[in-house]
Amino acid sequence: MNQAQYRDLYKFSISQPDTFWAEQAEKFISWHTRWQTVRQGDFTTNDMTWFAGGKLNACYNCLDRHLGKRKDQTAIIWQGDEPDTEKHLTYGDLHKEVCRFANVLKDLGVKKGDRVCIYLPMIPEAGIVMLACARIGAIHSVVFAGFSPDSLKTRILDADVKIVITADEGLRGGKTIPIKHNVDKALESCPDVKTVVVVKRTGKTVPFDAKRDKWYHELMSKANADCMPEVMDADDPLFILYTSGSTGKPKGVLHTTGGYLVYAAITFKYVFDYQDGDIYWCTADVGWVTGHTYNIYGPLANGATIVLYEGTPSYPDFSRFWQIIDKYKVTIFYTAPTAIRALRREGDKWVTATNRDSLKLLGTVGEPINPNVCEWYYDVVGNKRCEVVDTWWQTETGGILITPLPGATPFKPGSASWPLFGIVPAVVDDKGNEVEPDKAGRLVIKQPWPGLMKTIYKDHQRFVNNYFKDVPGCYLTGDGARCDKDGYYWIAGRNDDVIKISGHRIGTEEVESAFTSHPAVSQAAVVGVADEIKGQHIYAYINTKAGVEHTDKLKQELVQHVRDVIGPIATPEVIQWTKDLPKTRSGKIMRRILRKIACGEDESLGDTSTLANPGVVEELIAEHEKTK
Ligand code: 7RM
């Protein structure tokens, strides 16, 4: 697509959205029954239905319909943690495996609409199980295997899950992860889970509850490979994925079958310009939304060949990503800025030791990418031959909303650039008025699109309040941004109490609750501080209970405690002891001040005289000097 074509199609997509989306839905998806209305509801009713009356199955769209042409084409190239472990599944193989597991689920009593929790490492079974759920109309809730037993438990309980699919152990960077053990621990508080299916990954002997636990391979060996896909309404849920917000526990973002799938399919095709013969690799774990939309649903709906990688960028050495690219002749590579920064730090030699001639396109997602880092990605990784697409989106948005398109968007490193088809962004001030070009403000989206989440599971009011209340008639993203005179969006990152650590989304309140669940802690306040590699890290102000001694040993214990409660992704970087926290007269913690102090920006603290306890500020600054 060239720039003029992009502009024409974009204009058409936002001036006649119903016609545009109908055309796309027709082109990208096979429907069992055509829809009656393209869209019902908008950002004032907050109850949107896409393709009402339409019937389809997501698994059918990702597998069955490709069998005629692609039965023997590779669907998944799986590369294990160890360089010599791999598996290739053709579309034909994948279809069989998925049908078998769909029958296994049915035999275990799973019905349309039931929730299935998937807690698996990056192995082909993760994709197989997701698609098997979609095939029978069960709603999957994938939980990232790096989350703790406690985080897993919360998600199982919230979604009222009865069955968990897991593995004996995970394997990443040469280290094992006790996945089954975590499930056992989580299930101590989940009496309704009566069945656990365990994939054998490492073969380690793990505790096995003969009544509750079943081996995946045993069930599969007896399962039939014929399974008709369930005919689903376009508006039926496809999956729930938990994500962190500013406040409260993680929310169950619910995506529907029709709208989500149309959006996943078209954005994959346009953004990555996938052509037959391309080998596409997205490094995201299936536990995050990128793993859902751009590892499974988007690529497979387009009949693509994907690489699924179990391990880390640095094992056995810092060349691993580039070696995998050479080995499988990857043409399209999609990863996170945090990985690019970490690899860049190690020096160019790890990259230049490989040839990467197969590459055509590079992508990034998850957090803002600094222009220098983006240029390094373009110059060194891509040999100045491959365009870079900096794709901005969220769990809630279902797919990419703002991104350059290959061939259409002149490169401005560090900018997510232009909106995709049907997407109308704006930058607004605190009152909700649009600001001038180049002025910073809050990023909102003004028109509905089919990828947007349907609701928050069991909490529609939270959906309405969170996203539509502050700026009426718009979807509030929670990000800060500015738009330059050429219409390029520059995303600054979150302007709420959500932080992104190595691209992983965490709410500061979750971390605070984890701290205060420790017996030594009285109060905790957590802020995100800029980090050269991780993007942000956790800086915690901790107020202990009377008589508690402030030792380094206690700091270590608290760090371990937070890791145990949430998972290693939430590891606090800095703990600062504090006697008190800056509060307003109504008792609200002033995070703005804490953030500035943690970042060492105390000259620009602003007015602190309105605090209930203004004296605390000097103390905090002095203690920060000692801590950092
Ligand atoms: C896909 C994903 C969403 C948050 C979002 C932003 C940040 C994502 C970019 C980005 C700048 C980007 N979903 N974000 N992509 N910021 N440029 N290209 O990450 O739900 O986990 O996070 O991620 O702050 O609000 S997510």
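For ILE279, are the conditions met, namely being away from the ligand (no atom under 16 Å from the Cβ), in contact with a Lys or Arg (Cβ under 6 Å, 6 or more places away or on another chain) and under 30 Å from GLU23 (Cα atoms)? Against the criterion (away from the ligand (no atom under 16 Å from the Cβ), in contact with a Lys or Arg (Cβ under 6 Å, 6 or more places away or on another chain) and under 30 Å from GLU23 (Cα atoms)), ILE279 qualifies. The numbered conditions (1) away from the ligand (no atom under 16 Å from the Cβ); (2) touching a Gly at 6+ places or on another chain (Cβ under 9 Å); (3) farther than 30 Å from ASP276 by Cβ are all true for ARG356 except (3).
In region 374-418, which residues are touching a Leu at 6+ places or on another chain (Cβ under 9 Å), open to solvent by less than 20 Å² (accessible area, probe 1.4 Å) and among the acidic types (Asp, Glu)? GLU396, the sole residue that qualifies.
Among residues of region 249-262 that are of a type in the set (S, T, N, Q), those with a beta-carbon under 7 Å from a residue that is part of a helix (DSSP H, G or I) at least six positions away or on a different chain give the pairs THR257/ALA58. For region 46-63, residues that are out of contact with any Phe, Trp or Tyr (no Cβ under 9 Å at 6 or more places or on another chain), at pLDDT 95 or above and not in a strand (DSSP E or B) total 4.
Within region 261-271, the set of residues being buried (at least 24 other Cβ atoms within 10 Å of the Cβ) and more than 18 Å from the chain's Cα centre (by Cα) comprises VAL262, ILE266. Selection of region 375-397 for residues being more than 10 Å from the ligand (Cβ to nearest atom) and not basic (Lys, Arg) yields GLU375, TRP376, TYR377, TYR378, ASP379, VAL380, VAL381, GLY382, ASN383, CYS386, GLU387, VAL388. The set of residues from region 93-121 being over 21 Å from ARG70 (Cβ atoms), open to solvent by 20 Å² or more (accessible area, probe 1.4 Å) and not small (Gly, Ala, Ser) comprises ASN103, LYS106, ASP107, LEU108, LYS111, LYS112, ASP114, ARG115.
Of all residues in region 420-438, none are over 20 Å from the mean Cα position of the chain (by Cα), within 12 Å of the ligand (Cβ to nearest atom) and at pLDDT 95 or above. Considering region 459-510, the residues that are aliphatic (A, V, I, L, M), open to solvent by less than 60 Å² (accessible area, probe 1.4 Å) and within 21 Å of GLU532 (Cα to Cα) include one that is nearest to the ligand (Cβ to nearest atom), namely ILE491. Taking the criterion of being touching a residue at least 60 places away in the same chain (Cβ under 8 Å) and closer than 15 Å to VAL104 by Cα, the residues of region 130-139 that qualify are MET130, LEU131, ALA132, CYS133, ALA134, ARG135, ILE136, GLY137.
With respect to PRO448, is the statement that it is touching a residue at least 24 places away in the same chain (Cβ under 8 Å), under 25 Å from GLU387 (Cβ atoms) and open to solvent by 10 Å² or more (accessible area, probe 1.4 Å) true? Criteria not met by PRO448. GLU218 meets all of the listed conditions (1) surrounded by fewer than 15 Cβ atoms within 10 Å (Cβ to Cβ); (2) over 20 Å from ALA102 (Cβ atoms); (3) among the acidic types (Asp, Glu) but one, namely (2). A Cβ distance below 6 Å, combined with a sequence gap of six or more or placement on separate chains, defines the contacts here; from region 386-404, residues that are part of a strand (DSSP E or B) reach residues that are among the aromatic types (Phe, Trp, Tyr) and within 8 Å of the ligand (Cβ to nearest atom) in the pairs ILE402/TRP392. Of a type in the set (A, V, I, L, M), assigned to a helix (DSSP H, G or I) and touching a residue at least 40 places away in the same chain (Cβ under 8 Å) - does that describe any residue in region 342-350? Yes, there is a match, as at least one residue in region 342-350 is of a type in the set (A, V, I, L, M), assigned to a helix (DSSP H, G or I) and touching a residue at least 40 places away in the same chain (Cβ under 8 Å).
The values are calculated or read from the model by the stated rules, or taken from the named source; none is laboratory data. All values derive from a computational prediction rather than experimental measurement. FYI the Cβ positions are ideal-geometry reconstructions off the backbone, even for glycines, and counts take in every protein chain you see. Remember, those area values only see protein heavy atoms, side chains included, never the ligands or the DNA or RNA. Shrake-Rupley method; radii C 1.70, N 1.55, O 1.52, S 1.80 Å.
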